[in-house]
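Before any comments, here is the structure.
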Amino acid sequence: MIDFSYTIWILLIPLLVFVITGLTGNRFKPIVTGIIGTTGLGINFCLALFTAYKYFFVLDKVGGAFQKVIGISYTWLHLTDKLHIDIGVLLDPISVMMLIVITTVSFMVHIYSLGYMKGEKGFARFFSILSLFSFSMLGLVIATNIFQMYIFWELVGVSSFLLIGFYYEKDSAVAASKKAFIVTRFADLGFLIGILVLSYTTGTFDFITLTGPNSPAFTSGQGIMFLGMSTMTWAMLFIFMGGAGKSAMFPLHIWLPDAMEGPTPVSALIHAATMVVAGVYLVARMFPIFHHEQSALEIVAWVGGFTSLFAAVIACTQYDIKRVLAYSTMSQIGYMMLALGVSGYGGEEGLGYMASMFHLFTHAFFKALLFLGAGAIIHAVHSNYMNEMGGLRKYLPITHATFLIACLAISGIPPFAGFFSKDEILVAAFHHNKALFAMEYLVAGMTAFYMFRLYFNVFWGKDQHYHHTPHEAPVTMTLPLIVLAIGSTFAGFIPFTKLVTSDSMPFEAHTEWGIAIPSIFIALIGIGIATMLYMKSSDTSKKIATALGGFYTAAYSKFYIDEVYLFITKKILFNYVSRPVAWFDRHIVDGTMNQFAYVTNVVSDRIKGFQSGQLQQYALAFISGVIALALLFIYLWTN
Amino acid sequence: MSFLLLFIVIPVLTVIGIFFSKTHMQVKWTAVVGMSCQLILAGFLIYLFLAARAAGNTAEILFSQDMVWYKNLNIHFFIGVDGVSVAMIGLTSIVIFAGIFASWDVTDLPREFFTSLILLAAGVFGFFISLDLFTLFLFYEIAVIPMYLLIGIWGSGPRHYSAMKLTLMLMGGSALIMLGLLGLYFNSAPGGGPLTFNLIQISKVAIPMPAQRFFFPFLFIGFGVLGALFPFHTWSPDGHASAPTAVSMLHAGVLMKLGGYGCYRVAVFLLPGAAHEMAWIFLILTTIGVIYGAFGAIWQKDLKYINAYSSVSHCALVLFAVLMMNQTAMNGAIMQMISHGIMTALFFALIGMIYGRTHTRLINEMGGLMKVMPFLGVAYVIGGLASLGLPGFSGFVAEMTIFVGSFQHNDVFHRVCTIIAASSIVVTAVYILRVVGILLLGKIKNPEFNHIIDAKWFDRMSVVTLILGITAIGMAPLWLSDMINNGLVPVMQRILLAGPILH
């Protein structure tokens, strides 16, 4: 047995870095903070690699399967006799994989930010919160129990909030950060309720118990409870609500596009590669229970599938390059959710599960690359809008090359990483649900289309009038691009079926060319259309947009979902709930209290004359009283 | 002599010291020294208590002392602590310590101000160590009375109205409490024998159900008024808005906890039968209070009103958890009291500091303050995050304990109440982020604010103490939770014996 207790340092290092850089603040030169943060993450990256090596290659398997190892665990809080919250480290294939993803991307983003954020006023603050985020995200994936996950879940939420609102003097950034926090918080309420139901029914928070073969979740809470679904199904749905919020699934997605107000490295790290896939990770973590509650899993599949289509449609119409990427992220996460939703459990049956994790892994590379590339572009031209760009391939050769690799990877062109993972997802969908499968074929084509629409608009076409000649980014920025490009090219060759599977048992993978070849063709068609429309500047695309009319406008306006939310929150909650409550409190509740006081006052006003302080008056009353009493006594006496 | 007496002796000595102080500075430093001693003493008490428990001392009450005070009515001066009161004493000493620093720039009659403030604290300390209902009530009144002077003299805005309103409503509560306490007293020996005010003794006798039913509402509502029980909470927004900074801190931070503590320690503990029967009525009220306070806060424009409504919401959660009457929820209630106490004190301290710089409390008139006062701004954000229940701060621990505890009830009514109460975490996030957004972020609206000076050393002292409090509990809650649990065991046994065993 290998001692994994050192893994706690994976949590402690970023926490320490956060505390140190947070407290010293601006006392150091900004670059010092940046270097402290980057070094910390670098160490973490090495630790993660080391752990992965030990876990996958040194640790003995039990019955051919990777075991779940508790590296270290402390009791944090006792709740009831049975329930207690632990903070610890759980190592299993998916958590180790996530460690790699998070530390790699985070490390790259740290290096990149050294260049990108140079000269920003909040440089130290930026790195400090970045460490807080890394801490929270790592704590989330290595959680030993669902409550630990919830704790870190909230913490990633707040670090995301702080980073989206990094430019806090900009009103749109403030609004976006608020929106992100509140929408995900609302989803987290569902998560919390789910945890309450689940923990009450099963009597434990512990993942190993919950997802083990004899899970109490399989036996308890099975009776029909509400709307024809069992308690456990409801618990899973509530938990999924939390995941859907964080992973920007329809209809809780509205915060993600706005979150692009944050600095671009943040978008790459948090809103593309790591935090937004937390929802997928959550479902994967609880997968045995989801698999047991088929109706919940079905909903996961459809929500994922619908989101992937919905987001892809919107992505085709947006002009802000970061927003295109944001919708693309939503769409890709939809893929991952769908893959989980159509997965079975164990061996080949669990292909969807493996594919989902695989796609999560590869997506982290190419999407982070796309965002960092977008950052380099924005850095060069000082604009987010692709219609203000063009012909940039001459000025930004490295960015151009790496961006192209990422575009090919996400479009699913072999041999780039996205092809392999996406193909597995399509295969899994094909065997489970033909409707979803057809939808995903369509989405694959659209993905290729909107990515190359972006690519051609930015790098090809006519030069625009730039403020100054665009120039390639510094080496701190290009180096991470290159590293991630290498990842995006080769990550597809990692034998995931041997490493990360639903029951931790390796199985043999084989490519189903019957599905793979058409998907390549669809991607090529998408690319082809994009090439025709956008490689040379022409107004064909505008004509198509006009021809689509209302549908285009609706997609361009993101199907008015934001407006619906605004209506509910501003109009209904604010005006028709909050305002009446405030009024009711002041006028009815408090009014009643004031009425008491008023009545008392009036009564006392009527009788206060009795105590005037004038001696004559008192004497008069006294003497009158004496006389009256005397008369009374005399009267009584004489009778 | 029990050293607990020091908790009353030190404030009294401090007041005497203040009386003999000559200058403004001397007054303040006397107060600082006195309250630092109090803080150290509280730390020492926690240490001694934990050491005694670790050494296997399982007595229900530690460090107790019983003196006959008035023999004819069997009134005793009976003091002692269990895990819960130790925790509350810790809270009080932190808040009063920070409060002294937060009132550093009181220039108007400082001697009288600090005297009243410390007398108030003495009342609170006395209340938490009392185990005789008569002594308890006495200290309760000692704590409530200086409030009138503090708001009436040093307050702002419609201070006379607010002071009067607050005092009258609390006195109304006191009247109910007194009736309730007399009811307890006269039923304290149903089997014959001398009547007693001794809380522990009363808890061991079974008070006849009719009497329980009759007196429970008196006690619960009476203490509930102070604990901002809906719909008897309206003194709170006005009172807090008019009160000077340290008074708001102490009042919301500690005094309102007297209400929650009273509900737990007197109403529910001594009348458990009636509590079981009538809990549902008050559960409805507190559930309303949780949501209602939160929604009320969204609409407010004055920082103090926002925080006052937020307190209504948070304090309602305390009573809500007390009424759940199981160990976990009850533990959550106590932690919520402590957490909210420190948190709200932090808020009021910050609001006072912000007001001292901008001369307005209306959020619409402010904006972009983060840029000119980063320290106070960051502290406000930390307070806000703690208030909306972010992990790592005390609020999260308390709220989660409450929700998990309440969810152990296996019936629809309790479940629905829990879910409604839990949804307040979203509404709380809305009003907190709204305030943070308008107040601190964005661009500076008023050019005069460019000349604002960030926190001075005494401001920092106060703020850092409080932030350390909430993070210490939030990061490592186990010791506190276990200490409280320890105090709760006998209480819960008694409560569960009296009623249906709840799941």
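The values are calculated or read from the model by the stated rules, or taken from the named source; none is laboratory data. Here the structure is a predicted model, which means the values were calculated and not measured. Glycine gets a Cβ as well: all are built from the backbone with ideal geometry, and neighbour counts include every protein chain shown.
Data for the structure
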{"read-out": "In segment A:239-257, the residues that are surrounded by fewer than 21 Cβ atoms within 10 Å (Cβ to Cβ) and assigned to a helix (DSSP H, G or I)", "value": "none"}
{"read-out": "Number of positions in segment A:66-89 that are touching a helix residue (DSSP H, G or I) at 6+ places or on another chain (Cβ under 6 Å) and away from every other protein chain (no Cβ under 11 Å)", "value": "5"}
{"read-out": "Per-region count, segment B:153-175, residues within 19 Å of B:Leu303 (Cβ to Cβ) and either surrounded by fewer than 16 Cβ atoms within 10 Å (Cβ to Cβ) or hydrophobic (A, V, I, L, M, F, W, C) (or both)", "value": "5"}
{"read-out": "Filtered residues of segment B:253-274 (kept if of a type outside the set (A, V, I, L, M, F, W, C) and either in contact with a Ser or Thr (Cβ under 6 Å, 6 or more places away or on another chain) or not in a helix (DSSP H, G or I) (or both))", "value": "B:Gly253"}
{"read-out": "Options B:Leu480, B:Leu433, B:Leu440; residue that is at the interface with another protein chain (Cβ under 10 Å from one of its Cβ atoms) and farther than 30 Å from B:Trp104 by Cα", "value": "B:Leu480"}
{"read-out": "Test result for A:Leu426, within 23 Å of A:Ala326 (Cα to Cα), touching a Ser or Thr at 6+ places or on another chain (Cβ under 9 Å), without any contact (Cβ under 8 Å) to a residue 24 or more places away in the chain and not in a loop (DSSP other than H, G, I, E, B)", "value": "no"}
{"read-out": "Residues (touching a helix residue (DSSP H, G or I) at 6+ places or on another chain (Cβ under 6 Å), part of a loop (DSSP other than H, G, I, E, B) and not charged (D, E, K, R)) located in segment B:53-109", "value": "B:Ser103, B:Trp104, B:Val106"}
{"read-out": "Unmet requirement for B:Ser236, which otherwise passes all of (1) under 24 Å from the mean Cα position of the chain (by Cα); (2) surrounded by fewer than 23 Cβ atoms within 10 Å (Cβ to Cβ)", "value": "(2)"}
{"read-out": "Any hit, segment A:358-375, residues being of a type in the set (S, T, N, Q) and touching a His at 6+ places or on another chain (Cβ under 8 Å)", "value": "no"}
{"read-out": "Extreme residue, farthest from the other protein chains (Cβ to nearest Cβ), among residues of segment A:121-140 that are surrounded by fewer than 23 Cβ atoms within 10 Å (Cβ to Cβ) and not charged (D, E, K, R)", "value": "A:Phe123"}
{"read-out": "Where a residue in segment A:242-258 is in contact (Cβ under 8 Å) with a residue 12 or more places away in the chain and its partner, wherever it lies, is among the charged types (D, E, K, R), with Cβ under 6 Å and at least six apart", "value": "A:Gly242/A:Asp188; A:Ile254/A:Asp562; A:Trp255/A:Lys179; A:Pro257/A:Arg323; A:Asp258/A:Lys179"}
{"read-out": "Residues that are of a type outside the set (A, V, I, L, M), touching a residue at least 60 places away in the same chain (Cβ under 8 Å) and more than 7 Å from every other protein chain (Cβ to nearest Cβ), drawn from segment A:166-190", "value": "A:Phe166, A:Tyr167, A:Lys170, A:Ser172, A:Ser177, A:Lys179, A:Thr184"}
{"read-out": "Pairs with Cβ under 9 Å, 6+ apart, first in segment B:356-378 and facing another protein chain (nearest Cβ under 10 Å), second assigned to a helix (DSSP H, G or I) and of a type in the set (S, T, N, Q)", "value": "B:Lys371/B:Asn450; B:Pro374/A:Asn26"}
{"read-out": "Some residue of segment A:29-51 being of a type in the set (D, E, K, R) and closer than 23 Å to A:Ile8 by Cβ", "value": "no"}
{"read-out": "Pairs with Cβ under 9 Å, 6+ apart, first in segment B:167-179 and within 14 Å of chain A (Cβ to nearest Cβ) and farther than 10 Å from B:Val225 by Cβ, second assigned to a helix (DSSP H, G or I) and hydroxyl-bearing (Ser, Thr, Tyr)", "value": "B:Thr167/B:Tyr148; B:Leu168/A:Thr600"}
{"read-out": "Considering residues of segment A:192-211 that are more than 11 Å from every other protein chain (Cβ to nearest Cβ) and touching a residue at least 12 places away in the same chain (Cβ under 8 Å) only, the residue surrounded by the fewest Cβ atoms within 10 Å (Cβ to Cβ)", "value": "A:Ile208"}
{"read-out": "Number of the condition not met by B:Ala455 [criteria: (1) more than 11 Å from chain A (Cβ to nearest Cβ); (2) under 24 Å from the mean Cα position of the chain (by Cα); (3) within 19 Å of B:Ala345 (Cβ to Cβ); (4) surrounded by fewer than 24 Cβ atoms within 10 Å (Cβ to Cβ)]", "value": "(2)"}
{"read-out": "Segment A:390-415, residues that are assigned to a loop (DSSP other than H, G, I, E, B), of a type outside the set (D, E, K, R) and surrounded by fewer than 24 Cβ atoms within 10 Å (Cβ to Cβ)", "value": "A:Gly390, A:Gly391, A:Tyr395, A:Ile413, A:Pro414, A:Pro415"}
{"read-out": "Of all residues making up segment A:353-389, the number that are surrounded by fewer than 20 Cβ atoms within 10 Å (Cβ to Cβ) and at pLDDT 85 or above", "value": "1"}
{"read-out": "Qualifying residue in segment B:133-155 (condition: farther than 26 Å from B:Ser462 by Cβ and within 14 Å of chain A (Cβ to nearest Cβ))", "value": "no"}
{"read-out": "Helices (runs of 4 or more DSSP H) within segment A:559-622 that include 3 or more residues of a type outside the set (A, V, I, L, M, F, W, C), modelled with pLDDT under 80 and within 30 Å of A:Ala311 (Cβ to Cβ)", "value": "A:561-566"}
{"read-out": "From the options B:Pro208, B:Pro190, B:Pro194, B:Pro217, residue that is at pLDDT 85 or above, away from chain A (no Cβ under 14 Å) and farther than 22 Å from A:Ala582 by Cβ", "value": "B:Pro217"}
{"read-out": "Condition met for A:Gly242 (closer than 29 Å to A:Phe310 by Cα, more than 10 Å from chain B (Cβ to nearest Cβ) and not hydroxyl-bearing (Ser, Thr, Tyr))", "value": "yes"}
{"read-out": "Flag for A:Val483 being β-branched (Val, Ile, Thr), in a helix (DSSP H, G or I), in contact (Cβ under 8 Å) with a residue 40 or more places away in the chain and buried (at least 23 other Cβ atoms within 10 Å of the Cβ)", "value": "no"}
{"read-out": "Those residues of segment A:574-591 which are within 8 Å of chain B (Cβ to nearest Cβ) and either of a type in the set (Ser, Thr, Tyr) or under 27 Å from the mean Cα position of the chain (by Cα) (or both), in sequence order", "value": "A:Phe574, A:Ser578"}
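Matching residues to (1) under 24 Å from A:Val577 (Cβ atoms); (2) within 14 Å of chain A (Cβ to nearest Cβ); (3) free of Cβ contacts under 8 Å to residues at least 12 places away in the same chain:
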site: B:Thr286; (1), (2), (3): yes, no, no
site: B:Lys304; (1), (2), (3): yes, no, no
site: B:Ser313; (1), (2), (3): yes, yes, no
site: B:Leu319; (1), (2), (3): yes, no, no
site: B:Met337; (1), (2), (3): no, no, no
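Each row is one residue, and each column tells you yes or no for (1) among the hydrophobic types (A, V, I, L, M, F, W, C); (2) at pLDDT 85 or above; (3) part of a loop (DSSP other than H, G, I, E, B).
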{"residue": "B:Arg357", "(1), (2), (3)": "no, no, no"}
{"residue": "B:Asn364", "(1), (2), (3)": "no, no, no"}
{"residue": "B:Lys371", "(1), (2), (3)": "no, no, no"}
{"residue": "B:Gly377", "(1), (2), (3)": "no, yes, no"}
{"residue": "B:Tyr380", "(1), (2), (3)": "no, yes, no"}
{"residue": "B:Gly384", "(1), (2), (3)": "no, yes, no"}
{"residue": "B:Pro391", "(1), (2), (3)": "no, yes, yes"}
{"residue": "B:Phe396", "(1), (2), (3)": "yes, yes, no"}
